[in-house]
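The values are calculated or read from the model by the stated rules, or taken from the named source; none is laboratory data. If you're wondering where the values come from, they're calculated on a predicted model, not measured in any experiment. All Cβ positions, glycine included, derive from the backbone under ideal geometry; neighbour counts span all protein chains shown. Heads up: the accessible areas ignore ligands, DNA and RNA and are worked out on the full protein's heavy atoms, side chains in. Shrake-Rupley method; radii C 1.70, N 1.55, O 1.52, S 1.80 Å.
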Amino acid sequence: MLLLCCPLLLLLLPLSSRPQKLPTRDEELFQMQIRDKAFFHDSSVIPDGAEISSYLFRDTPKRYFFVVEEDNTPLAVTVTPCDAPLEWKLSVQELPEEASGEGSGEPEPLEQQKQQITNEEGTELFSYKGNDVEYFVSSSSPSGLYQLDLLSTEKDTHFKVYATTTPESDQPYPELPYDPRIDVTSLGRTTVTLAWKPSPTASLLKQPIQYCIVINKEHNFKSLCAVEAKLSSDDAFMMAPKPGLDFSPFDFAHFGFPPDNSGKERGFLKSSSKFGRQTSSKPRVDLHKVCIGNKNIFTVSDLKPDTQYYFDMFAVNTNTNMSTAYIGTFARTKEEAKQKTVELKDGKVTDVFIKRKGAKFLRFAPVSSHQKVTFSVHSCLDAVQIQVRRDGKLLLSQNVEGVRQFQLRGKAKAKYLIRLKGSKKGASMLKILATTRPNKQSFPSLPEDTRIKAFDKLRTCSSVTVAWLGTQERNKFCIYKREVDDNYNEEQKKREQNQCLGPDTRKKLEKVLCKYFHSQNIQKAVTTETIRGLQPGKSYLLDVYAIGHGGHSVKYQSKLVKTRKFC
């Protein structure tokens, strides 16, 4: 049995010189002690069968005690460094055979008893220096007072300690399979698929185990404690208690430590800032933790191409909230497929098709010096994003719907790189023109409002009257009609809204007329047209095309109209 503190230890020692045999652990007493957290308020105590968390100041050693009262007792001690390497040593010294002064039967003063035990140097059993989770295990340990000395020479840090006299029955840490490696089964540009063998604690002992994956770009982690320390700390780490003051190892949330949250899954990038100095709410960059239940295959997505990532897997016993690390791995995602750059010719319209969420790169290198360069973009469907860089410097970043024109200052021998990014909704189509000659414009100018207005009061059984806006530039306008079913709706009309499809794709019978129109007074740049020869009670889809000097057309928004059934 591990007795819980030195004063309590000495009170419980037998008062006679004859040794008294005790059971290895009084389970009822142990459970009572675990429930009563104040019982472990003395920071020099290691309880039997419970993991404690504690704190070390740099270059300030800390010593813990526990007692094994019977010879040949099994013993296991586990020390888990969190965010810094530790030096630790386990030693044992004999208990005093008599606890009374000169055989009088009167107990010695408490401080004298404590000094009698702790002043002697014990026999060293084990020592370790590093940041691995390290164990001391013995199937037959002698009785005595055990001392655990810990030191951090690198920085202030926290750690965990677990000690038990019943290691065979406790088994709080999940057991690793015979092959504890993580396998990378699939590798893509933005995804990595991982697989691992299940913990025997889950597959054989049927204990509740969940697996937690940690992804980062820096290095592998050796314990979940180290991960949580990284997630919850800021540059100043935390507001720590002053050396020499006692504090409860069960209450680390008060000092900025992450709470245990036994049996609960932690979310991504959460940090504790509950008490003490407020820690930064900004999470550590590129460090993610996700718990996925008891699956043993998982695909990590949304990664960056051509980037090395480190992957760690931890089996967590949800009953004890204690974990064991698999052997971590790393992998580099595949490179982004090299984009073919399309060369733009001065004054020539180029058709571009972009896959959903895809991108295309274009290059424009004027052959002569120029004061200005103009980019005209006609987005056929949904909005697209255009970025223009001149010799690596970003000059323009805009979303484009319909027809847009951008004029940029030129530079001798400059080269322009254009990046076009498609829509998230679906594939994108567009036309683009780059020129150093301002008068060389192939696309017609359009008003801001490209809707077609229908006059309901002028509707008859065989005709409809519509109007649309023009500009100050003289353009050719052609209007087309097509009869549609009565159940034709806005959703169908939207699917047919490819503005890049010109009059050459329409049937000759659908053409109503073409005419030229403009007005120097922009307020009066409106034209009307009456479309005759329609059938009573029928629905028609009307389209107006504006055709520029270079022959390229832009379609206005389609208009659905219906003639009167009775006149």
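Numbers for the structure displayed
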quantity: Solvent-accessible area, 1.4 Å probe, carbon plus sulfur percent, for the stretch 522-565; calculated: 42 percent
quantity: DSSP-assigned coil residues among chymotrypsin sites (Phe, Trp or Tyr not before Pro) in the stretch 153-210, each with at most 13 further Cβ atoms within 10 Å; calculated: Y178
quantity: Flagged links, alpha-carbon separation over 31 Å, of K129/K295; K129/K230; K348/K555; calculated: K129/K295
quantity: Between the stretch 472-542 and the stretch 404-432, the Cα center-to-center distance that results, in Å; calculated: 29 Å
quantity: Charge context of S423, other residues only, Cβ under 12 angstrom, K/R +1, D/E -1; calculated: +4
quantity: Charge sum, other residues only, whose C-beta stays under 9 Å from D306's C-beta, Lys/Arg counted +1 and Asp/Glu -1; calculated: +2
quantity: Amide H contacts under 5 Å for M322, placed H, 5+ residues apart; calculated: N317
quantity: Whole-Å distance, taken between Cα centres, linking the stretch 162-200 and the stretch 331-403; calculated: 48 Å
quantity: Cβ-defined net charge surrounding L408, 9 Å radius [Lys, Arg +1; Asp, Glu -1]; calculated: +3
quantity: Greater than 19 Å apart at Cα, pairs in K222/K304; K508/K565; K206/K289; K393/K415; K372/K421; K431/K507; calculated: K222/K304; K508/K565; K206/K289; K372/K421; K431/K507
quantity: Loop-located trypsin sites (Lys or Arg not before Pro) in the stretch 173-237 whose Cβ has at most 15 other Cβ within 10 Å (DSSP); calculated: R189, K206, K217
quantity: Heavy-atom accessible area per residue - the stretch 342-435, 1.4 Å, Å²; calculated: 54 Å²
quantity: The stretch 385-449 - percent of accessible surface contributed by carbon and sulfur, probe 1.4 Å; calculated: 43 percent
quantity: Average Cα contact separation per residue, the stretch 342-435, under 8 Å, 6 or more apart, as relative contact order %; calculated: 47 percent
